1. Check cross-link reach from Lys33 to the lysines: straight Cα distance under 25 Å, and skip same-chain residues fewer than eight apart.
2. Counting other Cβ atoms within 10 Å, which trypsin sites (Lys or Arg not before Pro) in the range 171-276 have at most 16 and lie in a DSSP loop?
3. Roughly how far apart, in whole Å, are the Cα centres of the range 34-66 and the range 78-133?
4. Angle between the Cα long axis of helix 70-84 and the longest principal axis of the chain, 0 to 90 degrees, nearest 10?
5. So between Arg245 and Trp203, what do we pick up on full extension, going 0.36 nm a residue minus the alpha carbon distance?
6. Loop by DSSP (not H, G, I, E, B), at most 12 other beta-carbon atoms within 10 Å: where is the longest site-free stretch of the chain for GluC sites (Glu not before Pro)?
7. Please give the net charge around Leu80, taking every other residue with its beta carbon less than 13 angstrom from that of Leu80, where Lys and Arg add +1 and Asp and Glu add -1.
8. Angle, helix 18-29 long axis vs. longest principal axis of the chain, Cα atoms, 0 to 90°, nearest 10?
Amino acid sequence: MRETRTLGHVMVTGGSSGIGLATARLLAQRGAKVSLIARGEERLAAAAKELSAVARPADVAARPADVADREAVTRAVAELEEEQGQPCDVLISSAGLARPGRFLELSDEVFRQMIDVDYFGTLHVLRAVVPGMVERGRGSVVAVSSAAGLLGIYGYSAYGPAKFAVRGLMESLRAELTPCGIHVGVVFPPDVDTPQLAEENRWKPAETRAVGGTIKPIPAQQVAQAIVKGIDRRRFLICPDLGTRALSRFGSVLTPLLNREFDRRVRAVRKSGPNS
Ligand SMILES: NC(=O)c1ccc[n+]([C@@H]2O[C@H](COP(=O)([O-])OP(=O)(O)OC[C@H]3O[C@@H](n4cnc5c(N)ncnc54)[C@H](OP(=O)(O)O)[C@@H]3O)[C@@H](O)[C@H]2O)c1
């Protein structure tokens, strides 16, 4: 379907900020019922209030929950379905966090946290909504991975594997759920101008900053538009810019070339002092 149909009940984890909020806003404008899940109650309430200005206030609902906590997220999904009077038709799993750092300097806790939030946070909410979608024979599930889920980048030894895992999960689900009438999509954003990127930048080693170069982050709105288009067209790969689109399709050819250039940048930083 290519027209701008309404999408029923859309649930967005990480819907209180950045990519999740921008996507929720677009879908609310399209007349969808929108439910938001995130931890911080204040930001969640502010986001719901903002969406109520572009949708019918009765069509916007929110529940605080930590996506890493299976019970909490399952309960939030059930309560939101009850409040909206409709099961989840579209899930956008955007909740996540990134903590860069050199492998030797990151704590075990960071490695676990990335997997808990970025991977299990995606898995738990999918486990909560997919059984109902399979029963009804329709629905759409979209998870936000990252460009760091397409290739290994200096400083992302904790975050990257969690986003690779999200990609692997969605690839298997695509194969299993497409025959059940369910659309499965995975999003690979490059750097996006959101609070997460601002926080991430505080932790980036000099080498990671050099690898990123001077590429300008794209606006969250651009990612949101790509997600909505991806849902409309039932696309699996959702790439909001040319770079990630090329990488997602021609990774095996492009990765060695990119690695050569990135290694050169890392060597240049290390020559001028590795701890800068
Ligand atoms: N920004 C980028 O450059 C970029 C690039 C590639 C991929 N991504 C991915 O895009 C997704 C959205 O990121 P963003 O840039 O939009 O970040 P953001 O603006 O910081 O938003 C993150 C959202 O996730 C929620 N969240 C974080 N941890 C959570 C948890 N444990 N349980 C429930 N909600 C949680 C946050 O709310 P609370 O903190 O209140 O819970 C917030 O609503 C993430 O998966 C991120 O890894 C971002």
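1. Within the straight-line limit of under 25 Å, Lys33 reaches these lysines: Lys49, Lys229.
2. Values: sites: Arg174, Arg202, Arg209, Lys229, Arg233, Arg234, Arg235, Arg245, Arg249, Arg260, Arg264, Arg265, Arg267, Arg270, Lys271; in loops: Arg233, Arg234, Arg235.
Filter output for the range 171-276: Arg233, Arg234.
3. If we compute the Cα centre of each part, the gap is 17 Å.
4. 40 degrees
5. Numbers: separation 42, 0.36 × 42 = 15.12 nm, distance 2.68 nm.
Length gained between Arg245 and Trp203: 12.4 nm.
6. On the way: sites that count: Glu3, Glu105.
For GluC sites (Glu not before Pro) (loop position, at most 12 other Cβ atoms within 10 Å), the longest site-free span of the chain is 106-276.
7. Numbers: positive: Lys33, Arg63, Arg75; negative: Asp59, Glu79, Glu81, Glu82, Glu83, Asp89.
Net charge around Leu80: -3.
8. Compared with the principal axis, the helix lies near 30 degrees.
Laboratory data are not the source of any read-out in this text; all were calculated from the coordinates shown. The structure presented is a predicted model; accordingly, all values stated were derived computationally and were not measured. Every residue, glycine among them, receives a Cβ derived from its backbone with ideal geometry; neighbour counts consider all protein chains shown.
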